[in-house]
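Asks: This is the structure I have questions about; it appears just below.
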Amino acid sequence: MKQAAENAPLKELDDWDDFVATRYRQGKSEEEFRNYKADANPTVTEFYRQNHAGQTLDFVLRKKAEYCGLNRGKKGIWAMAEYLNTLVDDSDPDTDLTQTEHLLQTAEAIRKDGHPRWFILAGFLHDLGKVLCLYGEPQWAVVGDTFPVGCGYSDQIVFPEFFAANSDSAIPEYRTEYGIYEPNCGLDKVHLSFGHDEYVYQVTRRYVPEEAQYMLRYHSFYPAHRHGAYRHLMNAHDERMFEWVRKFNPYDLYSKGRERPKTQEILPYYQDLVSEFFPDKIDW
Ligand SMILES: [Fe+2]
Ligand SMILES: [Fe+2]
């Protein structure tokens with residue numbers, strides 16, 4: 001589905017993932033990281049401008065009400081992966097990976113390191129929530145580093161200056177450190193900016209272990225899992241579970257650029273894996 005150009009500054013949704021991977025290029029110093037704007041082209045910058053302006057608490061609550069009841073019908077994991085592949089319309093088939101190939105590549109890197117089956121499965125599932133784009137959501141409501149809404153913005157979020165255009169910035173209650181939340185209330189009570197993480201978590205939470213749920217739900221929460229921000233909202237259980245989120249992150253960041261997965265060869269393994277955890281069809 002082609003989106004209205006004003007809602008789709010990125011040429012492809014994956015341009016955001018590529019920007020994040022560049023930002024955290026292996027071996028980069030903290031100082032180099034803080035120079036992230038050098039890695040952001042004008043389309044990525046425009047994407048963040050829209051994301052930071054549009055992700056208000058009210059917006060997040062509306063999108064959660066719209067999608068998290070899983071009222072969009074039943075579909076199998078594989079059917080959804082195939083549907084997600086239709087996302088990229090003007091990519092180069094010789095060089096660009098399909099969405100399913102990115103998922104398989106991430107999962108294969110996890111498998112090669114000898115991790116448990118549920119961890120490999122999390123790799124395979126983690127970006128399925130990007131189907132939100134096919135539901136007609138603008139890019140800024142599907143991808144982007146996530147951050148809590150309804151409380152003060154951490155300076156560990158990239159492009160913090162764009163929050164000035166977020167209407168929540170005019171609400172004093174939302175600007176304090178804790179905002180609408182209690183100290184160390186636990187992330188389950190905290191509303192993060194809406195996107196593919198929350199949606200894939202909601203769809204799969206009944207079927208995967210809690211460690212995988214955390215990986216799926218928080219894989220784009222870079223301010224927390226990369227920079228240690230928002231610990232004042234996390235509880236001890238979150239802290240423990242974030243070790244898994246951190247374990248997952250390198251596979252998401254650095255699986256791209258590896259060789260193209262031999263899909264036909266590995267497909268039986270993944271069909272088996274998916275049917276070990278999921279019924280034929282689940283609610284989306
Ligand atoms: Fe993702
Ligand atoms: Fe990813």
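Asks: Just to confirm my filter: which helices (runs of 4 or more DSSP H) fall fully inside segment 152-239 and include at least 3 residues that are farther than 21 Å from residue 58 by Cβ, open to solvent by less than 20 Å² (accessible area, probe 1.4 Å) and of a type in the set (A, V, I, L, M, F, W, C)?
Replies: Numbers: elements: 196-204, 210-218, 222-225.
Where helices (runs of 4 or more DSSP H) fall fully within segment 152-239 and carry at least 3 residues being farther than 21 Å from residue 58 by Cβ, open to solvent by less than 20 Å² (accessible area, probe 1.4 Å) and of a type in the set (A, V, I, L, M, F, W, C), they are 210-218.
Asks: Could I ask something else about it? Give the residue, chosen from 74, 63, 130, that is basic (Lys, Arg), open to solvent by less than 50 Å² (accessible area, probe 1.4 Å) and under 22 Å from residue 274 (Cβ atoms). Talk me through it step by step, then tell me what you get.
Replies: Details: 74 fails: open to solvent by less than 50 Å² (accessible area, probe 1.4 Å); 63 fails: under 22 Å from residue 274 (Cβ atoms).
When all the criteria are applied, what remains is 130.
Asks: When you go through (1) surrounded by fewer than 22 Cβ atoms within 10 Å (Cβ to Cβ); (2) at pLDDT 95 or above; (3) not acidic (Asp, Glu) one by one for residue 122, which number turns out not to apply?
Replies: Result: residue 122 fails condition (1) only.
Conditions (1) more than 17 Å from residue 116 (Cβ to Cβ); (2) touching a residue at least 40 places away in the same chain (Cβ under 8 Å); (3) more than 16 Å from ligand 2 (Cβ to nearest atom), marked per residue:
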{"site": "210", "(1), (2), (3)": "no, no, yes"}
{"site": "214", "(1), (2), (3)": "no, no, no"}
{"site": "218", "(1), (2), (3)": "yes, yes, no"}
{"site": "227", "(1), (2), (3)": "yes, yes, yes"}
{"site": "233", "(1), (2), (3)": "yes, yes, yes"}
{"site": "246", "(1), (2), (3)": "no, no, no"}
{"site": "255", "(1), (2), (3)": "yes, yes, no"}
{"site": "266", "(1), (2), (3)": "yes, yes, yes"}
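Asks: Looking only at segment 253-284, how many residues end up being open to solvent by less than 60 Å² (accessible area, probe 1.4 Å), assigned to a helix (DSSP H, G or I) and under 16 Å from residue 208 (Cβ atoms)?
Replies: Total satisfying the criteria: 4.
Asks: Restricting to segment 26-55, what's the tally of residues that are among the aliphatic types (A, V, I, L, M) and open to solvent by 20 Å² or more (accessible area, probe 1.4 Å)?
Replies: Filtering segment 26-55 down to residues among the aliphatic types (A, V, I, L, M) leaves 38, 40, 44, 53.
If we keep only those that are open to solvent by 20 Å² or more (accessible area, probe 1.4 Å) as well, we get 38, 53.
Total satisfying the criteria: 2.
Asks: Residue check, residue 72 against (1) outside any loop (DSSP other than H, G, I, E, B); (2) more than 29 Å from residue 169 (Cα to Cα); (3) basic (Lys, Arg), all met but one. Which one?
Replies: Against the list (1) outside any loop (DSSP other than H, G, I, E, B); (2) more than 29 Å from residue 169 (Cα to Cα); (3) basic (Lys, Arg), residue 72 comes up short only on (1).
The values are calculated or read from the model by the stated rules, or taken from the named source; none is laboratory data. No experiment lies behind these values; they were computed from the predicted model shown. Counting neighbours? That spans all protein chains shown, and the Cβs are built from the backbone with ideal geometry, glycine included. Only protein heavy atoms, including side chains, enter the accessible area calculation; ligands, DNA and RNA are left aside. Shrake-Rupley method; radii C 1.70, N 1.55, O 1.52, S 1.80 Å.
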